[in-house]
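Novice: Quick one: the structure is below, and I'll ask about it shortly.
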Amino acid sequence: MSNLNRRDALKLFAATTVSIAATSQLSAKDIENNKDIKSKILIVGAGLGGISLAARLRSELPNASISIADKDETFYYQPGFTLIATGIYTSGDVAFNKADYIPDGVQWIKHNVISLSPTTNSVTFENNENYTYDYLVLATGVEYDFEAIDGLSLDDIVGDTNISSVYVMSSAVKTNDLMQKLADNGGKALFCEQKTAMKCSGANKKIMMLSEDRARLANNRDKVSINLYSGTSTTFSAPVYAKVMEQIFEQRDINYNLNHQIVAVDKARNTAIFEHSMKYKEDGQNKVATEQVEVKYDWLHVVPKQKASAMYKEAGLSVETGDTAGNWISVTKETLQSNKFKNIFAIGDICGVPMGKTGASIRKMYPVVARNLIDIIKGLEPSAKYDGYTACPLITKYGKAIMVEFNWSGKPAPAMPCFGATRESYINWFIKTKMFRSMIMQGMLRGLV
Ligand SMILES: Cc1cc2nc3c(=O)[nH]c(=O)nc-3n(C[C@H](O)[C@H](O)[C@H](O)COP(=O)(O)OP(=O)(O)OC[C@H]3O[C@@H](n4cnc5c(N)ncnc54)[C@H](O)[C@@H]3O)c2cc1C
């Protein structure tokens with residue numbers, strides 16, 4: 001690993017200044033004009049999206065009634081889970097009290113919502129209390145379904161097994177142990193991804209690439225077999241980054257198997273079972289043939305299937321057609337307003353949009369939702385647009401990362417072009433490991449950046 005050189009430090013300073021200035025807030029005059037707004041706004045979910053939005057709304061609507069509902073008292077800085085799994089952070093580095101971040105003047109309702117009635121503008125909390133709102137923002141993130149893989153449960157992920165997932169904090173700690181065991185003793189590791197939408201879809205690859213690097217640093221690379229099994233048909237949704245990934249995998253002898261969806265685990269035989277899909281044409285018709293493939297492992301790392309709470313489907317708020325029918329919230333992808341109820345918005349992982357399941361996306365979403373919500377309250381059409389910005393600092397080795405950033409076009413959209421859109425560099429590693437957490441915890445969650 002190298003240190004940050006003077007030239008990179010100057011570039012970093014300049015880029016950070018530009019990036020902070022780019023997320024400017026309303027002027028004092030505009031806020032003054034909003035003083036008459038006394039609407040009752042409920043945000044469901046006090047995670048990254050919910051708290052950032054609450055902070056921005058609190059400063060822009062000084063007299064509105066803003067509440068946020070969530071029973072969980074701990075905020076997890078989830079991008080830090082990959083750094084726990086790679087031995088850089090400890091679990092103490094990612095857990096924070098929500099009470100220290102929910103803004104003054106925002107009422108925290110310490111109950112989860114269990115059902116919604118958009119036609120009567122009300123929700124029900126788990127204590128069966130009803131609550132009415134004028135405007136509602138849904139920010140409950142994803143739910144994990146490890147059990148969608150036959151033979152697997154959350155207990156296997158967190159318990160004393162050779163299976164882990166960076167998506168669960170305690171299992172991120174376990175992942176670090178299993179990674180070290182692999183580097184010390186050698187063996188075969190499988191890194192499995194879902195074909196359906198995943199938050200931070202790069203997380204599994206980060207663990208995989210750092211496992212490869214750790215084995216190499218331990219002089220045991222020749223004893224280790226590293227294998228990606230993905231249910232998707234490409235290594236990355238954005239084509240440029242797919243190419244970058246494939247080059248890295250080839251250079252570093254990482255085997256990648258696409259269209260391989262993990263469907264079952266036979267723990268007694270240390271065997272994962274995949275459904276391998278093969279597309280073909282017959283008589284001009286598109287068809288898919290499938291076969292089952294069994295692969296032995298010494299360490300199995302899995303990404304869980306991810307979904308929205310069932311309460312949204314029951315309330316008629318979900319996407320209705322296509323692959324994601326009945327799952328994510330149906331919103332207009334640019335305005336993040338519900339396609340069914342004008343006084344409802346969604347933010348973060350819960351949104352039924354083609355991209356955007358990253359914290360970096362939320363950084364672009366929350367000013368959009370705040371602006372559009374205020375527009376709607378004033379009887380205007382939503383004026384702000386989310387451009388699909390999705391980003392992931394992809395750590396590729398100890399001391400190196402690529403800043404993956406793209407938008408609806410799928411093309412690179414670097415916030416700091418001076419560092420290169422596809423280049424592995426120490427500065428990107430520095431930003432990921434030393435800067436992002438403070439930016440999120442002290443900037444975004446305060447509604448400032
Ligand atoms: C391993 C991993 C690595 C990641 N790496 C990166 C990265 O490098 N860069 C990046 O930008 N992003 C990364 N992410 C993604 C990022 O963390 C998420 O996109 C982001 O946290 C999503 O925010 P959210 O507000 O939508 O959901 P969350 O932050 O998950 O918050 C949802 C909140 O809703 C609450 N809730 C749930 N159900 C209810 C209910 N019924 N009623 C009330 N409250 C409820 C929960 O308690 C929670 O507080 C990573 C994620 C993981 C797991």
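Novice: Kindly list, by first and then second residue, each pair from a residue in the range 350-363 that is closer than 16 Å to A203 by Cβ to a residue that is within 11 Å of the ligand (Cβ to nearest atom) and of a type in the set (F, W, Y), limited to pairs with Cβ atoms under 6 Å and residues at least 6 apart or on different chains.
Specialist: Once the first residue is closer than 16 Å to A203 by Cβ and sits in the range 350-363, its partners that are within 11 Å of the ligand (Cβ to nearest atom) and of a type in the set (F, W, Y) give S361/Y389.
Novice: Select, from I377, I427, the only residue that is away from the ligand (no atom under 12 Å from the Cβ) and not assigned by TED's automatic domain parsing to the domain that holds L317.
Specialist: The match here is I427.
Novice: I need a count of the residues in the range 352-374 that are in contact with a helix residue (DSSP H, G or I) (Cβ under 8 Å, 6 or more places away or on another chain), away from the ligand (no atom under 11 Å from the Cβ) and modelled with pLDDT of 95 or more.
Specialist: Result for the range 352-374: 5.
Novice: Give the range 81-99 a look and list any residue that's closer than 18 Å to C200 by Cβ and either among the β-branched types (V, I, T) or in contact with a His (Cβ under 7 Å, 6 or more places away or on another chain) (or both), or say none.
Specialist: T82, I84, T86, I88, V94, listed by residue number.
Novice: With (1) under 21 Å from A308 (Cβ atoms); (2) of a type in the set (G, A, S); (3) buried (at least 20 other Cβ atoms within 10 Å of the Cβ); (4) more than 9 Å from the ligand (Cβ to nearest atom) as the list, and A64 as the residue in question, which single condition is left unmet?
Specialist: Only one criterion is unmet by A64, namely (1).
Novice: Pick from Y101, Y77: which is near the ligand (Cβ under 10 Å from one of its atoms) and touching a residue at least 60 places away in the same chain (Cβ under 8 Å)?
Specialist: One residue alone meets the criteria, Y77.
Novice: Right, Y229: more than 16 Å from the ligand (Cβ to nearest atom) and of a type in the set (F, W, Y) or not?
Specialist: In short, yes.
Novice: Which pairs have Cβ atoms under 6 Å, sit 6 or more apart or on different chains, and link a residue in the range 155-180 that is over 17 Å from Y398 (Cα atoms) and charged (D, E, K, R) to one that is at pLDDT 95 or above and not in a helix (DSSP H, G or I)?
Specialist: That search, which allows pairs on different chains as well, returns D156/I163; K174/S164.
Novice: Of all strands (runs of 3 or more DSSP E) completely enclosed by the range 273-343, which ones contain at least 1 residues that are over 30 Å from G186 (Cβ atoms)?
Specialist: Where strands (runs of 3 or more DSSP E) fall fully within the range 273-343 and carry at least 1 residues being over 30 Å from G186 (Cβ atoms), they are 285-296, 305-307.
Novice: Sort out which residues of the range 354-389 are of a type in the set (S, T, N, Q), part of a loop (DSSP other than H, G, I, E, B) and under 10 Å from T335 (Cα atoms), and write them in order of number.
Specialist: Answer for the range 354-389, where residues must be of a type in the set (S, T, N, Q), part of a loop (DSSP other than H, G, I, E, B) and under 10 Å from T335 (Cα atoms): just S383.
Novice: Let me ask something additional. Of the residues G348, G399, G326, which is small (G, A, S) and modelled with pLDDT under 95?
Specialist: Only one candidate qualifies: G326.
The values are calculated or read from the model by the stated rules, or taken from the named source; none is laboratory data. Please read all numbers here as calculations on a predicted model, not as lab measurements. No Cβ is skipped: glycine too gets one built from the backbone with ideal geometry, and neighbour counts run over all protein chains shown.
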